[in-house]
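First comes the structure, then the notes that go with it.
The values are calculated or read from the model by the stated rules, or taken from the named source; none is laboratory data. This structure is a prediction, so every number in the text was calculated from the model and none was measured. When we count neighbours, we look across all protein chains shown, and the Cβ atoms used for this are built from the backbone with ideal geometry, even at glycine. With ligands, DNA and RNA removed, areas are computed over all heavy atoms of the protein, side chains included. Shrake-Rupley method; radii C 1.70, N 1.55, O 1.52, S 1.80 Å.
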Amino acid sequence: MPLLVPGTDDAALRTALARPDTWLVACFCAAWCDTCNQYRPKLDALSEARPRHAYAWIDIEEQPDLLGDVDVENFPTLFVQAGDRVLFYGPMLPHIGHLERLLDTLDGNSPAVATELPDIKAMLAGATA
């Protein structure tokens with residue numbers, strides 16, 4: 001499954017997130033961020049290699065509603081949500097291997113982490129085209 005962009009790929013996001021076993025793996029980024037621009041092709045390749053998850057590229061300036069009142073200050077900031085449980089949220093070094101290892105360690109029994117973010121998965125699943 002390709003890397004999806006809210007506002008551009010809303011129908012594909014809704015379809016992917018409608019499956020109850022699909023995790024959302026989102027990268028919060030900014031168009032002006034050189035690190036993000038270098039990370040994006042690697043995340044796109046990972047999304048193709050591991051299609052069981054839905055991968056979203058969320059530009060914090062284009063989609064600020066997905067953050068609520070939370071500020072993202074470090075890039076990339078990654079977010080993993082399974083069902084209604086957030087399994088990871090935080091900045092990560094821009095080496096795709098770190099995300100690969102994280103995804104390998106998480107499962108349905110992983111503890112949820114508390115965030116002040118809105119329910120991003122539900123928001124994307126209900127996005128309008």
- Pick from the range 4-16, criterion outside any helix (DSSP H, G or I) and aliphatic (A, V, I, L, M), ranking: surrounded by the fewest Cβ atoms within 10 Å (Cβ to Cβ): Val5
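Got a sec? Which of Leu78, Leu66, Leu103, Leu124 is more than 20 Å from Asp9 (Cβ to Cβ), touching a residue at least 40 places away in the same chain (Cβ under 8 Å) and either open to solvent by less than 50 Å² (accessible area, probe 1.4 Å) or under 15 Å from the mean Cα position of the chain (by Cα) (or both)?
Numbers: Leu78 fails: more than 20 Å from Asp9 (Cβ to Cβ); Leu66 fails: more than 20 Å from Asp9 (Cβ to Cβ); Leu124 fails: more than 20 Å from Asp9 (Cβ to Cβ).
From the options Leu78, Leu66, Leu103, Leu124, the qualifying one is Leu103.
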- Flagged in the range 16-42 as at pLDDT 95 or above and of a type in the set (Lys, Arg), in numbering order, are Arg40, Lys42
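Mind listing whichever residues of the range 55-85 are of a type outside the set (Phe, Trp, Tyr) and touching a Phe, Trp or Tyr at 6+ places or on another chain (Cβ under 7 Å)? Outline the logic, then answer.
First, pick out the residues of the range 55-85 that are of a type outside the set (Phe, Trp, Tyr): 56, 58-74, 76-78, 80-85.
Of everything in the range 55-85, those that are of a type outside the set (Phe, Trp, Tyr) and touching a Phe, Trp or Tyr at 6+ places or on another chain (Cβ under 7 Å) turn out to be Ile58, Ile60, Val72, Pro76, Thr77, Leu78, Val80, Gln81, Ala82.
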- Hey, Ala45 hits all of (1) more than 15 Å from the chain's Cα centre (by Cα); (2) of a type in the set (Gly, Ala, Ser); (3) exposed (fewer than 13 other Cβ atoms within 10 Å of the Cβ); (4) at pLDDT 95 or above but one; which does it fall short on? (1)
